[in-house]
Amino acid sequence: MLTRQELAEMRELVTRVQKGSVSRREWSTLAALTLIWQGDAVVTQMAAEGFDHFVAVCQPVYQGHAFKRDDYQRMYERVCAAAARTIRDRVH
């Protein structure tokens with residue numbers, strides 16, 4: 001789940017992208033936030049499967065963005081941070 005700060009960041013990035021941003025950093029950050037938006041179960045599964053699996057699944061989806069390994073690493077770090085937050089905040 002997105003935090004309020006992440007939601008604000010996502011809104012700002014969507015606006016930049018709509019105005020023509022071509023920054024790989026902005027696009028990869030927006031992609032990571034979009035993945036996090038899909039929910040806690042998806043995020044925790046992505047984090048658990050590891051970086052190489054993450055890249056293997058995401059690369060075909062984002063091939064038009066010309067992301068490099070560092071972009072995927074940034075995306076994965078955001079996903080892992082969200083997964084850690086989910087696990088930490090889970091009430092049993």
Once Rh for the chain is found with the Kirkwood sum over Cα pairs, what is the Stokes-Einstein diffusion coefficient at 25 °C and 0.890 mPa s, in µm²/s? 182
Counting only C-alpha contacts under 8 Å and six or more residues apart, can you give the relative contact order of the chain as a whole percent? 38
In nm, what is the difference between 0.36 nm times the number of residues separating ARG85 and HIS65 and their Cα-Cα distance? 4.4 nm
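Take the Cβ-Cβ distance between GLN45 and SER23 as r, set R0 to 25 Å, and report the resulting FRET efficiency rounded to the nearest 0.05. Can you show the working numbers first?
On the way: r = 28 Å, r/R0 = 1.13.
Using R0 = 25 Å, I get an efficiency of 0.30.
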Fewest-first sequence of CYS80, CYS58 by Cβ atoms within 10 Å of each Cβ: CYS80, CYS58
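Here, each number is a calculation from the coordinates, and none is a lab measurement. All figures in this text were calculated on a predicted structure; none of them were measured in a lab. All Cβ positions, glycine included, derive from the backbone under ideal geometry; neighbour counts span all protein chains shown.
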